[in-house]
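Structure record follows, encoded as structure tokens.
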Amino acid sequence: MSATSFKPSSDAAYPPRVLALFNEQWQSIIRHTDRLFLWLMIIQWFFAVVLAVWISPRTWNGPESTIHPHVWIAIFLGAIITSAPVVLAWRQPGKVLTRHTIAIAQMLMSALLIHLTGGRIETHFHVFGSLAILAFYRDWPVLISASVVVYVDHLLRGFFIPQSVYGVVAASYWRSFEHAGWVAFEVIFLLIAIRKSLQEMLAVAERQAKLEEVNATVERAVAERTAELTQAQQIAKLGNWEWDILQDKTSWSSETQRIYGHQPDDFGGKTMQQCIDERVHPDDLARVRQVMAAALKTGQPFVCEHRICLPDGTERVAVGRGEVLLNDRGEPMKMLGVVQDITEAKRAQEALRRSEEQLRQSQKMEAVGRLAGGVAHDFNNLLMVINGYSAMTLQQMDAVDPLRKNLEETLKAGERASALTRQLLAFSRKQVLQPRVLDLNDVVGGMEKMLRRLIGEHVELHTAFETALGHVKADPGQIEQVILNLAINARDAMPRGGRLTIRTSNVSVDQKTSFRNRELNVGEYVMLSVTDSGIGMSEDVKAHLFEPFFTTKGVGKGTGLGLATCYGIIAQSHGDIRVYSEPDQGTTFKIYLPRTNAPLEPPDPDAESRPDGTESLLVVEDDRTVRTMIVTALEQCGYQIQEAGDGMEALPLLEQGNSFDLLITDVIMPRMSGKELYDEVKKISPGLKVLFISGYTDDVLAPTGVLGKGISFLEKPFSPARLARKVREILDGREEKTSHRRKIVTAD
Amino acid sequence: MTKPPFIKVLAFTAWLLVAAGGIVIIADYESRAGRFGVTPERWPSQNLISLDPQHDTLVMFAHPQCPCTRASMEELNQLLAQSGGHVAAHVVFFRPAKFPADWAHADLWKTASTISGLAVHEDVDGPVAKHFGAQTSGFVVLYRPDGQLLFHGGITDGRGHVGDNVGKDAIISLLAGREPSATDTPVYGCSLTGDSCPMPAPKTTAAR
């Protein structure tokens, strides 16, 4: 038998929740009434026993007496009547069987008490009182059960022992209705009351259901708004907090907790001071305390940017804003505030600052580069003439000619000027690189003798080469220039002698790093380090180390182009150069060049010979003196030369059907560049070979500064002999395997 | 509502039967009449109580410790109240000689003493009771002034049970000069003198 479940006649009119609430309340009432009867039944039993002992303790047979049967009846029959309802009310409260058993037992108890009191009319009130208490259940069948017991009791006793009920030995059957009628009289009104009560309970359940619905709607809306707020706070990385100053208790939004790296329970019981001390960066702690103390004192709002130290060791930047709430007496009561994580904004700001700095540097380098390029172009043409004619004159001079020495000095000065021009192009990364696959051990090894001579006896040179060093692809002349510049700097850093160590090794970079706005990507590299035991550098010097024209040497001792040149060459070779130095602790430059698996390319034998030829050549050069020098040099070698002042002059020569074996053209020319000329020439004479000559190409030939395969280039200024060899190589089809090897000139 | 398990129904039924049986037993006990002997048709001459020559004489025999006799005393009180003083009423309390006088002078004695017009007597070892054939506490006899027996029996309808009953109605009718509904009724109470000789209860004649 299950618990009560109410099903009104108009069931469909009531939503399930209303019925559930109603039944929940009703079941609670029934259980409560069950418990009430549990104790009432026990008390009634004890009362019956006491009553029997009091009214009729003993029965007499003349002078003899024994315990009155009423006492035994009260004890045992009372126990029997009480047992079942008590057990059920205890073990199964709320069940239908329980309350019907209680109703029947209660009526039986009434009968017992009436008997024990000798049928006193007052005891009959127990029946009516019991019915009223049974009405607590608000379950009309319970009253019916009780009423049936009363009626059956009267009916049976009226039939079998009528005098015990009606006072006569024989009575009409209808007289049972007279007694039951009074019970029915009460029950009818109790039923009316129950019905009314149930209707009220139903109305309450309806109201409660509606209230629940409203509450649920409100709670849902609150939850949605809270979630939106939380999400907004997460997106904005903005959290709020509250500090109860009087009780020194803090409450934080989840985003605030996240910003400060706390778990939800971490703040429990902590004061504001503890929270600040735990997370604010030690260097910012005093300032934050000062700002908050000032706000408490003045009651004014505050803004405070500070760093946060998270438990995992990371550092974040936050800005806090707060306001103080004052009570009626003007005393601080609460502090409300927000905190925003501005780490990313700060990083972006820093990145922007770096980008701007990089841009400024690039613009500066671009300007210097353009200046250097312009100067180099004109200078190289001048030097071309000076050096070319000097060389040709020297070749034709007697060895004992007294003027020979003068001319040799002129040639040396020209070559130094040429090297200086090349450095200008190098640091501005405007020179044309002609890379090939190298072994840096060979490069350094080849320079060792020269380096010892260069650094002097007071500096000890050590080399440490990795035996299985990887190959790199770079312009060997430029790399030699870099090593030379670094060695000279090292020497100058050790005026009282010291130790210079050049080391090579294979390096694997497993994490992207950046230095001076350059990034070194993950990959395999060959590292070349140049370490001295000299005076080292300060941070300020290091910051400007690679800038052009920055020098710590005295006036006339350095141009400030050496390290800028190194930086430019390495950057143009897709590598990186880094410096590690502290004052009086020496300096180490580390050069990283990407490792390649390509095989070594043999160097071009550098000879002074001037190979001859009889082929027909077309020389296009806008500078007349340079053009004359080139034509003279090549004619001396036996070639058939035709010349043109620029591309517009050269094209008609080809269109007239003249046949040439090689086109030698300057790159930068008015009206038409060398590259444009070549493009036109290819249409007229597709197989014609070309040699570009230039001191400054302005990226016309190769935007990246590195020539592609199949393009022959000779950098001005060049000697007549070098020109003759280059022309011969191209005509013989060996050019692709050749490589330019510059003369090394000390720059700094 | 789910169907209760059979064992529960069985247990409930058993409990109900046992409890109802208990009620039947006490009803039966309550309605079981006591014994009485032969009541003389004429007023016995050898008697400590004198027959009233002017009014009817009513005598109740009572056990002073019998709890059931409270109901009879109550009924007697009502009866005398309704008689209007037209009866000479006596109550005779049995006391075994071995018990002190206080034993008889218990609550019932005190109650009887407070009833107006009721003479209280003590019957040591019960010779008077024997004369009137009284063997059950609450036994009442009513004689006319000329010594003729009018009524004998109990004036309750059950053991210790107050309320309307045939015996009281009969006496009231007789005192009022009306035809009684019965002249003898069962007596409900303790055994008065402890006589071992049982006598069957007289058949009650009740008015319809």
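So, in Å, what gap is there between the alpha-carbon centers of region B:1-77 and region B:152-168?
First find each Cα centre; the distance between them is then 8 Å.
Please calculate how many Å² of accessible area the protein assembly as shown carries per residue, with a 1.4 Å probe and no DNA, RNA or ligand atoms counted.
Per-residue accessible area for the protein assembly as shown comes out at 49 Å².
Let me check something: with ligands and nucleic acids excluded, how do A:28, B:137, B:116 order by accessible area (1.4 Å probe), largest to smallest?
B:116, A:28, B:137
Buried by at least 10 Å² relative to the chain on its own: which residues of region A:73-95 qualify, computing accessible area with a 1.4 Å probe on protein heavy atoms?
Buried by 10 Å² or more upon assembly, which counts only protein chains, are A:73, A:77, A:80, A:81, A:84, A:92.
Give the angle, between 0 and 90 degrees and rounded to the nearest 10, that separates the Cα long axis of helix B:69-83 from the longest principal axis of the Cα atoms of chain B.
With both axes taken from Cα atoms, the answer is about 50 degrees.
Which cross-chain or sequence-distant (5 or more) residues have an amide H under 5 Å from the amide H of residue A:669, H modelled 1.01 Å from N in plane?
For residue A:669, whose amide H was placed from the backbone, the distant partners under 5 Å are A:674.
Near the amide H of residue A:498, under 5 Å away, which other amide H atoms are found, from residues 5 or more places off or on another chain, if H is placed in the peptide plane?
Here the answer is A:459, A:460, since their amide H atoms fall under 5 Å of that of residue A:498.
Which net charge results for the neighbourhood of residue A:307, defined as the other residues with beta-carbon distances under 9 angstrom from its beta-carbon, given Lys and Arg at +1 and Asp and Glu at -1?
Spelling it out: positives minus negatives among the neighbours equals -3.
How large is the helix-only mean residue ellipticity at 222 nm for the protein assembly as shown, computed as the sum of -39500 (n - 2.57) over DSSP H runs with n ≥ 4, divided by its residue count, in deg cm²/dmol to the nearest 500?
-15500 deg cm²/dmol
I'd like the Karplus ³J(HN,Hα) series for region B:116-128: coefficients 6.51, -1.76, 1.60, θ = phi - 60°, whole numbers in Hz, and an x wherever there's a Gly or Pro.
So the J values, rounded to whole Hz, are 5, x, 10, 8, 9, 10, 10, 10, 6, 6, x, x, 5.
How about region A:38-68: which of its residues lose at least 20 Å² of accessible area in the presence of all protein chains relative to their chain isolated, using a 1.4 Å probe?
Residues losing area: A:55, A:59, A:60, A:61, A:62, A:63, A:68.
Where q = 0.04, 0.06 Å⁻¹, what log10 of I(q)/I(0) comes from the Debye formula for the protein assembly as shown, counting one point per Cα?
At q = 0.04, 0.06 Å⁻¹ the computed log10 ratios are -0.55, -0.71.
Specify the longest stretch of chain A that does not include any exposed loop site, a site being one of the trypsin sites (Lys or Arg not before Pro) with a non-H, G, I, E, B DSSP assignment and at most 10 other Cβ atoms within 10 Å.
Answer from the scan: A:1-328.
What area, in nm² and to one decimal, does the C-alpha convex hull of chain B cast on average over all directions?
Computed as one quarter of the Cα hull surface, the answer is 16.0 nm².
Tabulate in residue order the Karplus-calculated ³J(HN,Hα) for region A:277-283, using 6.51 cos²θ - 1.76 cosθ + 1.60 with θ = phi - 60°, rounded to whole Hz; enter x for Gly and Pro.
Result, ordered by residue: 4, 5, 10, 5, 4, x, 6 Hz.
Can you give me the long-range amide H partners of residue B:31? Hydrogens built in the peptide plane at 1.01 Å from N, cutoff under 5 Å, separation of 5 or more residues or another chain.
Answer set, sorted by chain and number: B:159.
Where does helix A:720-731 land angle-wise versus the long Cα axis of chain A, in degrees 0 to 90, nearest 10?
Once rounded, the angle reads 70 degrees.
On a C-alpha basis, how far is the centre of region A:462-532 from the centre of region A:630-686 in Å? Whole number, if you could?
The two parts, judged by their Cα centres, are 43 Å apart.
For chain A, what relative contact order do you get, as a whole percent, if you take Cα pairs closer than 8 Å and at least 6 residues apart?
8 percent
Would you work out if region A:38-172 is rounded, prolate or oblate? Take a ≥ b ≥ c from the square roots of the eigenvalues of the alpha-carbon gyration tensor; rounded if a/c is under 1.5, else prolate when a/b is larger than b/c, oblate otherwise.
Here region A:38-172 falls in the oblate category.
Need one value: the accessible area of residue A:389 in square angstrom, 1.4 angstrom probe, rounded to the nearest 10.
Around 80 Å² of this residue is reachable by solvent.
Which distance in Å, rounded to a whole number, links the C-alpha centroids of region A:316-357 and region A:112-154?
78 Å
Stretch residue A:132-residue A:628 to full length: gain in nm at 0.36 nm per residue minus the Cα-Cα span?
Gain on stretching residue A:132 to residue A:628: 164.8 nm.
In chain A, what percent of the accessible surface is made up of carbon and sulfur (1.4 Å probe, ligands and nucleic acids excluded)?
56 percent
Can you compute 3J(HN,Hα) from phi for each residue in region A:246-258, using the Karplus curve 6.51 cos²θ - 1.76 cosθ + 1.60 with θ = phi - 60°, rounded to whole Hz and x for Gly and Pro?
5, 9, 6, 10, 10, 9, 10, 6, 4, 5, 4, 4, 5
Can you compute the FRET efficiency between residue A:182 and residue A:159 using 1/(1 + (r/R0)^6), with r the Cβ-Cβ distance and R0 = 22 Å? Round to the nearest 0.05.
Efficiency for this residue pair is about 0.70.
Once the other residues with Cβ under 11 Å from the Cβ of residue B:86 are scored (Lys, Arg +1; Asp, Glu -1), what is the net sum?
Taking every Cβ under 11 Å from that of residue B:86, the sum is -2.
Suppose every K and R has +1 on its Cβ and every D and E has -1 on its Cβ; what is the size of the dipole of chain A about the Cα centre, in Debye to the nearest 20?
2400 debye
How big is the antiparallel share of DSSP beta bridges in chain A, given as a percent to the nearest 5?
75 percent
What do you get for the angle between helix B:166-175 and the principal long axis of chain B? Use alpha-carbon atoms, 0 to 90 degrees, nearest ten.
20 degrees
The values are calculated or read from the model by the stated rules, or taken from the named source; none is laboratory data. What you see is a predicted model; the values in this text were computed from it and never measured. Virtual Cβ from ideal backbone geometry, glycine too; neighbours counted across all protein chains shown. Note: areas computed on protein heavy atoms with side chains; ligands, DNA, RNA excluded. Shrake-Rupley method; radii C 1.70, N 1.55, O 1.52, S 1.80 Å.
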